[in-house]
Amino acid sequence: MPNLDLLDNIIALVVVILLLSLIVQSLQSLFKKLLSMKSKQIEDSLIDLFDSVLRERQAAPAADGTVTRARSLATRKAGFMKMFTIFPSSPTEQVGPRAKELLNAVKREMTELGRVDFRGNFALDSLSKGDLLNVIARVAPNTIVDGFNDKLTAAMQKIKEIETAITRVKAADLPGEANALFARMQEVLAPLQQHYRSLVTPDANDPNSISVRAGLVVADILALRQVLFSDTLELLGKTQRIVAEEKAKAPDAAKPALEEVEKGLAGVAAAINGTRTALDDAFGGFKSKLTEIESWFDTVMQGFEERYQRGMKSLSIILGAVVVVLLNANVFAIYKSISVNEALRSNLVNQGQEIADLQEDIATLEEKDAVTATTTASVAVTTASNETLAQKKKRLDSLVDRYTMFGFKPTTWNQFLTWVQDDLFSFDGNENGSWLARRGDDFRTILGWLVMTMLLSLGAPFWHDALQSLFGVKNLLQKKNEQRNVEQARGAGNPA
């Protein structure tokens with residue numbers, strides 16, 4: 001069956017290419033882990049996002065007189081090469097101080113949440129919009145909005161005024177239904193006072209002076225504002241209407257007390273409105289910046305994904321070339337060995353499915369590594385990262401051993417030195433022919449390496465699918481040959 005022999009040669013070659021692709025894929029994964037390449041790209045995208053939202057970036061005039069952004073994608077240290085810097089400079093060139101401050105605050109908070117690499121340094125393998133907004137809301141309001149702390153302190157003072165205004169209202173002078181409504185309003189405002197006490201620190205020397213606690217959670221402050229927009233003003237309005245009605249029909253002797261109550265309720269209303277205005281002043285700009293970050297997040301991260309994928313493709317080609325040269329994976333020489341060595345061909349075909357299964361196993365492990373990267377315990381992440389790194393090294397060594405097991409000989413340093421010293425600069429003829437003939441052999445070897453490098457650049461998933469398809473074609477041809485043999489056997493006794 002010559003057609004099956006040719007197909008077996010192709011299958012065996014694809015098995016070798018898939019095995020080499022898995023080596024490149026594992027080596028790429030190891031480099032990404034060691035150098036935190038994805039994290040560096042995410043960090044660069046974050047500083048680009050923050051600087052765009054804060055609008056601090058210095059603009060530079062273009063040749064035609066228009067104004068362009070000083071730090072465009074084209075000027076980012078060639079993007080891809082920057083990812084290979086083991087100790088990179090901070091990606092904050094030509095950006096404003098507030099963008100740098102915001103980035104550093106986010107990095108510190110992410111580090112505390114366990115987003116670290118195997119060395120315990122800040123690293124992000126992934127970043128969701130929700131996580132980023134939560135972190136910014138926690139650590140960076142004063143960075144995003146000028147004078148935020150002062151405005152917030154003023155709002156806290158207004159909250160204190162609500163409590164003072166309520167104490168001035170003599171509940172005993174309120175009519176029955178109004179008293180119940182006023183008590184209900186106090187219940188609604190109770191969470192406001194609880195938040196206030198938990199978020200401010202009174203000044204021991206000046207009881208009228210307060211300071212907002214460090215590490216303030218902005219979500220808690222926003223909850224204060226929601227309290228003010230609940231039923232508070234409606235309950236207060238009903239109470240004021242009842243008091244006004246009672247005053248209108250009350251005897252002259254009772255009116256002064258009700259008038260004092262009216263003044264007290266008006267003071268409560270003024271304090272609530274003043275607090276709402278102060279909180280709006282403090283949080284209006286901050287919320288708009290959060291909204292802007294949210295709206296720009298997808299756009300910036302799409303650019304990150306595109307740059308990252310281009311960088312990984314370039315890295316894959318470079319690592320593929322290194323693997324091909326070090327393992328001496330000349331596609332022409334490998335195919336020749338397969339076509340003339342039946343035992344090698346059979347061994348490769350027999351182990352083809354097993355090697356194809358390795359691709360699925362490695363893909364599963366990579367997914368588990370990505371999940372581990374989002375764990376929120378710093379020590380646990382560091383330990384898991386160290387274990388993952390060891391697993392990647394072990395996996396890579398196993399793949400290289402499997403390649404050499406088939407009899408393919410890697411390039412050694414001694415072979416390279418011998419080639420340089422005794423062959424490349426030896427212009428006399430030897431057992432390998434003349435100098436020109438030997439250079440022709442070198443050219444064919446380099447061409448074989450280049451072709452193999454280009455084949456490896458297609459990636460392990462491509463060759464995995466190709467191998468599965470080839471096995472399907474082989475099974476189909478085998479079934480047809482078996483049917484043909486059966487038909488021939490049935491007709492062997494036919495006189496015709």
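What to note about this one:
- The set of residues from segment 243-264 being part of a helix (DSSP H, G or I) and under 12 Å from ASP173 (Cα atoms) comprises VAL243, GLU246, LYS247, LYS255, PRO256, ALA257, LEU258, GLU259, GLU260, VAL261, GLU262, GLY264.
- Odd one out for LYS77, checked against (1) modelled with pLDDT of 50 or more; (2) surrounded by 14 or more Cβ atoms within 10 Å (Cβ to Cβ): (1)
- Qualifying residue in segment 302-313 (condition: within 22 Å of HIS464 (Cβ to Cβ), assigned to a helix (DSSP H, G or I), at pLDDT below 90 and in contact with a Ser or Thr (Cβ under 9 Å, 6 or more places away or on another chain)): yes
- Matching residues in segment 335-350 - criterion: being crowded, with 16+ Cβ neighbours inside 10 Å and closer than 12 Å to ASP8 by Cα: TYR335, ILE338, SER339, LEU344, ARG345, ASN347, LEU348, VAL349
- Yes/no for PHE332 being touching a residue at least 40 places away in the same chain (Cβ under 8 Å) and either over 15 Å from LEU13 (Cα atoms) or loosely packed, with under 14 Cβ neighbours inside 10 Å (or both): no
- Qualifying residue in segment 225-232 (condition: at pLDDT 75 or above and either in contact with a Lys or Arg (Cβ under 9 Å, 6 or more places away or on another chain) or in a loop (DSSP other than H, G, I, E, B) (or both)): no
- Listed conditions (1) hydrophobic (A, V, I, L, M, F, W, C); (2) in contact (Cβ under 8 Å) with a residue 60 or more places away in the chain; (3) under 29 Å from PHE31 (Cβ atoms) are all met by ILE318, apart from (2).
- Meets criteria (part of a helix (DSSP H, G or I) and either in contact with a His (Cβ under 6 Å, 6 or more places away or on another chain) or surrounded by fewer than 21 Cβ atoms within 10 Å (Cβ to Cβ) (or both)) for LYS33: no
- Where a residue in segment 161-187 is over 19 Å from GLU245 (Cβ atoms) and its partner, wherever it lies, is surrounded by fewer than 18 Cβ atoms within 10 Å (Cβ to Cβ) and at pLDDT 85 or above, with Cβ under 6 Å and at least six apart: ALA165/GLY267
- Residues of segment 248-271 include none that is of a type in the set (D, E, K, R), under 23 Å from GLN193 (Cβ atoms) and at pLDDT below 80.
The values are calculated or read from the model by the stated rules, or taken from the named source; none is laboratory data. These numbers were taken from a predicted model, which means no experiment stands behind them. We place every Cβ from the backbone using ideal geometry, glycine too, and count neighbours over all the protein chains shown.
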